[in-house]
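Student: Input: one structure, supplied below.
The values are calculated or read from the model by the stated rules, or taken from the named source; none is laboratory data. Computed from a predicted model, the values in this text were never measured in an experiment. Because the Cβ atoms are built from the backbone with ideal geometry, glycine has one as well, and the counts that use them run over all protein chains shown.
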Amino acid sequence: MKPSKRIIIAIVNFHYKWLPIIMGCHCKEDRSFHIKGYRFPVCARCTGELLGIVLSLFTLGIYQPDASLLFVLTLPLLFDGSMQLLTEYQSTNFRRLLTGIPFGWSISSLYLQSAKAVFFWGFNIGKLILVQ
């Protein structure tokens, strides 16, 4: 086997092992996307969340929404998941993806904004201490 093919297989195996653990995903077959017979390493909702997380990394320097908007963007996923858990309602994979994207974007944007605020808060305290 070629070294490049071995590396690709190792990367794929890594994602199939660790992404479900990191995301806390159930990886149900019927709730996951498939391409050419291969199941994604995580379900449709977690796939949307991952897309939202990646999107937030690109939009961090461009747009920083208010925390109230970020809270509102979590509601579609919370509503869809709760309805599915508490009733006979069954969501579709496409709807899970569409509710996962804004959820992942809002949660990771909130985290990144918080980390940035704490960093600058600590930086300013450090400047005050050094000036004295």
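Student: Is at least one residue of region 92-99 surrounded by fewer than 18 Cβ atoms within 10 Å (Cβ to Cβ) and outside any helix (DSSP H, G or I)?
Tutor: Yes, region 92-99 contains at least one residue that is surrounded by fewer than 18 Cβ atoms within 10 Å (Cβ to Cβ) and outside any helix (DSSP H, G or I).
Student: I'd like the residue in region 21-39 that is buried (at least 19 other Cβ atoms within 10 Å of the Cβ) and in a loop (DSSP other than H, G, I, E, B) and, out of all such residues, is nearest to the chain's Cα centre (by Cα).
Tutor: By that ranking, first place goes to CYS25.
Student: Related question: Of the conditions (1) at pLDDT 90 or above; (2) surrounded by fewer than 10 Cβ atoms within 10 Å (Cβ to Cβ); (3) outside any loop (DSSP other than H, G, I, E, B); (4) not aliphatic (A, V, I, L, M), LYS5 satisfies every one except a single condition; which number is it?
Tutor: (1)
Student: What number of residues in region 40-68 are free of Cβ contacts under 8 Å to residues at least 40 places away in the same chain and either assigned to a loop (DSSP other than H, G, I, E, B) or surrounded by 15 or more Cβ atoms within 10 Å (Cβ to Cβ) (or both)?
Tutor: 7
Student: Follow-up question, since we're still on this one. Among the residues in region 112-121, are any in contact with a helix residue (DSSP H, G or I) (Cβ under 7 Å, 6 or more places away or on another chain), under 12 Å from ARG45 (Cβ atoms) and surrounded by 12 or more Cβ atoms within 10 Å (Cβ to Cβ)?
Tutor: Taking every residue of region 112-121 in turn, none turns out to be in contact with a helix residue (DSSP H, G or I) (Cβ under 7 Å, 6 or more places away or on another chain), under 12 Å from ARG45 (Cβ atoms) and surrounded by 12 or more Cβ atoms within 10 Å (Cβ to Cβ).
Student: Then there's this: Based on this model, can you work out whether THR87 counts as among the β-branched types (Val, Ile, Thr) and within 15 Å of the chain's Cα centre (by Cα)?
Tutor: no
Student: Can you work out which of the residues in region 92-128 that are among the small types (Gly, Ala, Ser) and over 30 Å from PRO76 (Cβ atoms) is farthest from the chain's Cα centre (by Cα)? If you could, list the steps in order and put the result at the bottom.
Tutor: Going residue by residue through region 92-128, those that are among the small types (Gly, Ala, Ser) are 100, 104, 106, 108-109, 114-115, 117, 122, 126.
Retained after the next criterion (residues that are over 30 Å from PRO76 (Cβ atoms)): 122, 126.
Details: GLY122: 27, GLY126: 33 Å.
Per the criteria, the residue is GLY126.
Student: Could you grab me the full set of residues in region 32-75 that are touching a Lys or Arg at 6+ places or on another chain (Cβ under 9 Å) and either under 11 Å from SER106 (Cβ atoms) or among the aromatic types (Phe, Trp, Tyr) (or both)?
Tutor: PHE33 - this is the single residue of region 32-75 that is touching a Lys or Arg at 6+ places or on another chain (Cβ under 9 Å) and either under 11 Å from SER106 (Cβ atoms) or among the aromatic types (Phe, Trp, Tyr) (or both).
Student: Still on this model: Looking at (1) surrounded by fewer than 16 Cβ atoms within 10 Å (Cβ to Cβ); (2) under 26 Å from SER32 (Cα atoms); (3) polar (S, T, N, Q), find the lone condition where ASN124 falls short.
Tutor: Going through (1) surrounded by fewer than 16 Cβ atoms within 10 Å (Cβ to Cβ); (2) under 26 Å from SER32 (Cα atoms); (3) polar (S, T, N, Q) one by one, ASN124 breaks only (2).
Student: Need the failing condition index for MET83 against (1) closer than 17 Å to LEU55 by Cα; (2) part of a helix (DSSP H, G or I), just the number.
Tutor: (1)
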